[in-house]
Amino acid sequence: MNVLVTGASSGFGRAIAQEFGGKGHKVIALARRKEQLESLAQEIPHCIALPCDICDKDSLRQAIESLPQNFKEIDVLVNNAGLALGLTSADKCDFEDWERMIEVNVKALAFITRLILPQMVERKSGHIITIGSIAGSYPYPGGNVYGASKAFVRQFALGLRADLSGTNVRVSDIEPGLAGGSEFSLVRFKGDKSKADALYQGANALTPQDIAQAVYWVATLPKHINVNTLEIMPTSQSFSALNVHKE
């Protein structure tokens with residue numbers, strides 16, 4: 001299979017690229033950071049590094065068009081690129097953080113899907129896999145726009161399933177809970193390592209490799225099976241009662 005992974009320079013994306021590449025599949029690793037992509041391409045046989053800002057539509061289109069002929073046919077698109085910024089209440093948030101999350105988590109994901117989908121429909125074969133989050137289903141204080149962006153991802157995946165009925169193109173949304181081992185929380189807290197580390201301390205969180213294995217399993221199931229939504233939490237994480245504020 002030819003597998004295109006966005007946000008492949010670190011975290012979930014890098015682990016997903018390694019999982020597919022380690023099992024002999026061709027990987028197209030897309031992200032902004034060229035050096036990290038090139039080091040990944042050296043680790044994985046049959047891997048192309050595609051440095052590109054996923055939010056730059058023209059650059060993204062040109063990058064996809066530049067792929068060598070034997071990589072142009074995308075069998076699996078893993079929409080992994082995404083981020084969270086801040087963990088403060090809506091009245092105190094930096095609006096630029098909100099805009100950035102919408103740009104990456106919503107608009108860029110939708111655009112690259114629109115770029116790749118026609119070839120899959122034409123072949124009547126392919127798989128779109130989005131990396132959502134349980135934050136799209138379970139709100140928490142400070143999650144506001146991040147959670148809303150992941151609710152979009154979930155609904156977008158379900159909407160694609162409806163649109164693609166009869167095409168044999170599969171769509172799956174993978175929704176991790178608390179997951180460490182990546183730069184996600186470091187980005188969220190804008191480099192404050194103490195805050196990022198505190199979030200995972202003693203939690204035995206999911207790892208990028210856990211998510212990569214789940215993505216690989218979903219992608220390699222028999223073609224007549226479509227996993228619509230896969231919600232994954234560490235055993236240590238569960239549900240909280242609805243908050244009630246008392247005077």
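Only one of (1) outside any loop (DSSP other than H, G, I, E, B); (2) over 21 Å from the mean Cα position of the chain (by Cα); (3) touching a residue at least 24 places away in the same chain (Cβ under 8 Å) fails for residue 120. Which number is that? Answer for residue 120: the failing condition is (2).
Go through segment 1-47 and report how many residues are touching a residue at least 24 places away in the same chain (Cβ under 8 Å) and part of a loop (DSSP other than H, G, I, E, B). Working first, answer last.
Of all residues in segment 1-47, those touching a residue at least 24 places away in the same chain (Cβ under 8 Å) come to 1-21, 23, 25-31, 33, 36-37, 40, 43-47.
Now narrow it down to the ones that are part of a loop (DSSP other than H, G, I, E, B): 1, 7-10, 23, 25, 33, 44-46.
Total satisfying the criteria: 11.
The residue that is modelled with the lowest pLDDT, among those in segment 191-210 that are within 20 Å of the chain's Cα centre (by Cα) and assigned to a loop (DSSP other than H, G, I, E, B), is 205.
Of the numbered criteria (1) modelled with pLDDT under 95; (2) surrounded by 15 or more Cβ atoms within 10 Å (Cβ to Cβ); (3) out of contact with any Asp or Glu (no Cβ under 6 Å at 6 or more places or on another chain); (4) assigned to a loop (DSSP other than H, G, I, E, B), the one residue 73 fails is (1). Scanning segment 228-247 for residues that are under 24 Å from residue 180 (Cβ atoms) and either modelled with pLDDT of 95 or more or touching a strand residue (DSSP E or B) at 6+ places or on another chain (Cβ under 6 Å) (or both) returns 229, 230, 231, 232, 234. Within segment 102-118, is there a residue that is touching a Pro at 6+ places or on another chain (Cβ under 8 Å) and over 29 Å from residue 223 (Cβ atoms)? Scanning segment 102-118, I find no residue that is touching a Pro at 6+ places or on another chain (Cβ under 8 Å) and over 29 Å from residue 223 (Cβ atoms), so the answer is no. Quick one: is residue 213 farther than 27 Å from residue 165 by Cα, part of a helix (DSSP H, G or I), at pLDDT 90 or above and not acidic (Asp, Glu)? No. In segment 204-225, the residues that are within 15 Å of residue 126 (Cβ to Cβ) form Cβ pairs under 8 Å with partners that are of a type outside the set (S, T, N, Q) and surrounded by fewer than 21 Cβ atoms within 10 Å (Cβ to Cβ), at six or more places apart or across chains, as follows: 218/227; 218/230; 219/1; 221/227.
The values are calculated or read from the model by the stated rules, or taken from the named source; none is laboratory data. On a predicted model such as this, the values are computed, not experimentally measured, just so you know. Cβ coordinates were reconstructed from backbone atoms using ideal geometry, including for glycine residues, and neighbour counts include every protein chain displayed.
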